[in-house]
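The values are calculated or read from the model by the stated rules, or taken from the named source; none is laboratory data. In this text, all values refer to a predicted model and were calculated from it rather than measured experimentally. A quick note on method: Cβ atoms are made from the backbone with ideal geometry, for glycine too, and the neighbour counts reach across all protein chains shown.
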Amino acid sequence: MGVTDFPAVHIACHECDLLVALPVLRPGQHAYCPRCNFLLTANRPDSQSKIFAYSIASLICLALANLFPFITLNARGMEQSVTLLGSVAILATEDHRLLAAVVFASIAVIPALLLCGLVYVSVAIRIGRELPGARTCLRWTIALAPWNMAEIFLIGILVSFIKIVSLADVELGLSFWAYALFTFGVVLVSLNFDRRELWDLLDAARAAGHSSHA
């Protein structure tokens, strides 16, 4: 059996807790909860390779997003540029330190940790050997996934632009486009993310590592 051919097992629905007997899934097939129609798992061809590639690309884009101006405002001859980190710093200097910390964590720190965790787990899967702490890393990655708010932040920025454009000339900097690509990459990672598949692949890597040392 290949690593992408899931064996028939029982799994609890994450939405309604119904215990569902999953059939063997062929590549491209999806399994849904019969009660609430929640997507339980899917057999996505090459999903692990896609997650690895998208995660690396997204991390590079996030790094670039912190190196250049995010937006530049020009009103009445006065020009001011704001960086991604600068926008968070503005909140902190206006006595909104807790809000600044939450925003920074949800738009940068948590997505970065999520992607780094997936890269680490993917490396273990790709080399066919469980790396130290890989299982703990996957647990934390799964726990952090719902707290990723990168796309919400980007949508909020776009809505703000609509309001600001009537008051000042707005120029989108290189960091904005880098962050937009970062957000798009995170979305692609989410579309290919399947916790059960990752656990199965990590278990297979662990078994392969044990057999090689036998």
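What are the residues in the range 120-141 that are under 19 Å from I110 (Cα atoms) and in contact with a Leu (Cβ under 8 Å, 6 or more places away or on another chain), if any?
Residues of the range 120-141 under 19 Å from I110 (Cα atoms): 120-122, 133-141.
Y120, V121, A134, R135, L138, W140, T141 - these are the residues of the range 120-141 that are under 19 Å from I110 (Cα atoms) and in contact with a Leu (Cβ under 8 Å, 6 or more places away or on another chain).
Residue-level check: of (1) modelled with pLDDT of 85 or more; (2) in a loop (DSSP other than H, G, I, E, B), F52 misses just (2). Could you look through the range 153-179, keep only residues that are buried (at least 17 other Cβ atoms within 10 Å of the Cβ) and of a type in the set (G, A, S), and pick out the one that is nearest to F52 (Cα to Cα)? Checked the range 153-179; the qualifying residue nearest to F52 (Cα to Cα) is A178. Checking every residue in the range 178-188 against the condition of being closer than 30 Å to P23 by Cβ and at pLDDT 85 or above gives at least one match.
Of the residues making up the range 58-80, those that are modelled with pLDDT of 85 or more, among the aliphatic types (A, V, I, L, M) and outside any helix (DSSP H, G or I) are L67, I71.
Could you tell me which of the residues S81, S55, S87 is in contact with a Pro (Cβ under 6 Å, 6 or more places away or on another chain), in the same structural domain as R196 (by TED's automatic domain parsing), on the phi < 0 side of the Ramachandran plot and of a type outside the set (V, I, T)?
Unique residue meeting the criteria: S81.
Among the residues of this structure, V24 counts as one that is outside the structural domain of I164 (by TED's automatic domain parsing), exposed (fewer than 15 other Cβ atoms within 10 Å of the Cβ) and touching a Phe, Trp or Tyr at 6+ places or on another chain (Cβ under 9 Å).
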